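The values are calculated or read from the model by the stated rules, or taken from the named source; none is laboratory data. Fair warning: this is a prediction, and the values are worked out from it, not measured in the lab. Counting neighbours? That spans all protein chains shown, and the Cβs are built from the backbone with ideal geometry, glycine included.
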Amino acid sequence: MFKLDQPSMGLNDPRHHLKVQMWNTWNIQQAETRDHIIDWCATVARGTSSHRLRSIVFSCHGSPSYLQMGEGFDRRHTGLFARWRGLVDMIWFRSCSVARIQTPDAAVTGDGNMFCCEISKAANCYVYASTETQWATSGATLPFGMLDTFEGLLLCYGPPRGEIVWQTRYSSQWRGD
């Protein structure tokens, strides 16, 4: 497990089976707008004693270049994250395959590598995302301030250019590692 420094914010989508608990935790409804999600997180960050959040964790379903958080985020929305510039140190996508690069024969669409790169550049912060399916016990709530270990390849995109600055490979239950 990863222990995240606080203050951090956890965003839980009700369609996802795993919940995170942070210094500030928001259970986001399916119809919540992208603008409201981005703006409220910025408001929470400005309200901390340091005027910034160490991490924002998205706990939601995902696919390459897509987050099923509220009304959803894809590459058309990466510019919204510029509103977090100077307010957030790290963004964690606890979601399936967000950083995966689409292949021509894939059943999904989107270039997750570019999605994460663009968010890192816009927010000028580190973005952590996996290229593979993530597993968790249905209905589980993680301990306060913790993230469970990721499945498969975990990438970290760093500012200012959104390049991959760190990576590690964890075992994958779905691949049988």
* Asked: Do we have any residue at all in region 138-156 that's touching a Pro at 6+ places or on another chain (Cβ under 9 Å) and surrounded by 22 or more Cβ atoms within 10 Å (Cβ to Cβ)?
  -> no
* Looking at region 55-71, is at least one residue free of Cβ contacts under 8 Å to residues at least 40 places away in the same chain and touching a Leu at 6+ places or on another chain (Cβ under 8 Å)? -> no
* **Check on S63, crowded, with 22+ Cβ neighbours inside 10 Å and hydroxyl-bearing (S, T, Y)** => no
* Residue selected from region 46-59 under the condition in contact with a helix residue (DSSP H, G or I) (Cβ under 7 Å, 6 or more places away or on another chain) and crowded, with 17+ Cβ neighbours inside 10 Å, by the criterion nearest to C96 (Cα to Cα) -> I56
* **Filtered residues of region 15-33 (kept if touching a His at 6+ places or on another chain (Cβ under 7 Å), surrounded by 17 or more Cβ atoms within 10 Å (Cβ to Cβ) and of a type in the set (K, R))** => none
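Per-residue answers, yes or no, for (1) small (G, A, S); (2) modelled with pLDDT under 95; (3) part of a strand (DSSP E or B):
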| position | (1), (2), (3) |
| --- | --- |
| S120 | yes, no, no |
| A129 | yes, no, yes |
| Q134 | no, yes, no |
| S138 | yes, yes, no |
| P143 | no, no, no |
| Y157 | no, no, yes |
| W166 | no, no, yes |
| S171 | yes, yes, no |
| W174 | no, yes, no |
* Asked: Within region 92-106, can you find the residues that are β-branched (V, I, T) and either over 16 Å from G152 (Cβ atoms) or at pLDDT below 95 (or both)?
  -> I101, T103
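Residue by residue, here is whether (1) in contact with a strand residue (DSSP E or B) (Cβ under 7 Å, 6 or more places away or on another chain); (2) within 22 Å of G139 (Cβ to Cβ) holds:
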site: P7; (1), (2): yes, no
site: R34; (1), (2): yes, no
site: A42; (1), (2): no, no
site: F58; (1), (2): yes, yes
site: W84; (1), (2): no, no
site: V88; (1), (2): yes, no
site: R100; (1), (2): no, no
* Out of the residues in region 72-86 that are surrounded by 21 or more Cβ atoms within 10 Å (Cβ to Cβ) and touching a residue at least 40 places away in the same chain (Cβ under 8 Å), which is farthest from W135 (Cα to Cα)? -> W84
* Asked: In the list S63, S50, which residue meets the criterion of being out of contact with any Phe, Trp or Tyr (no Cβ under 7 Å at 6 or more places or on another chain) and farther than 19 Å from N12 by Cα?
  -> S50
* Asked: Among (1) at negative phi; (2) at pLDDT 95 or above, where does N124 come up short?
  -> (1)
* Asked: If you go through region 1-31, how many residues are part of a loop (DSSP other than H, G, I, E, B), touching a helix residue (DSSP H, G or I) at 6+ places or on another chain (Cβ under 9 Å) and either of a type in the set (S, T, Y) or under 24 Å from S63 (Cα atoms) (or both)?
  -> 1
* With the checklist (1) modelled with pLDDT of 95 or more; (2) out of contact with any Lys or Arg (no Cβ under 6 Å at 6 or more places or on another chain) in hand, flag the one item L18 doesn't pass. => (1)
* Might you let me know whether region 107-117 holds any residue that is under 17 Å from I56 (Cβ atoms) and either modelled with pLDDT of 95 or more or surrounded by 14 or more Cβ atoms within 10 Å (Cβ to Cβ) (or both)? => yes
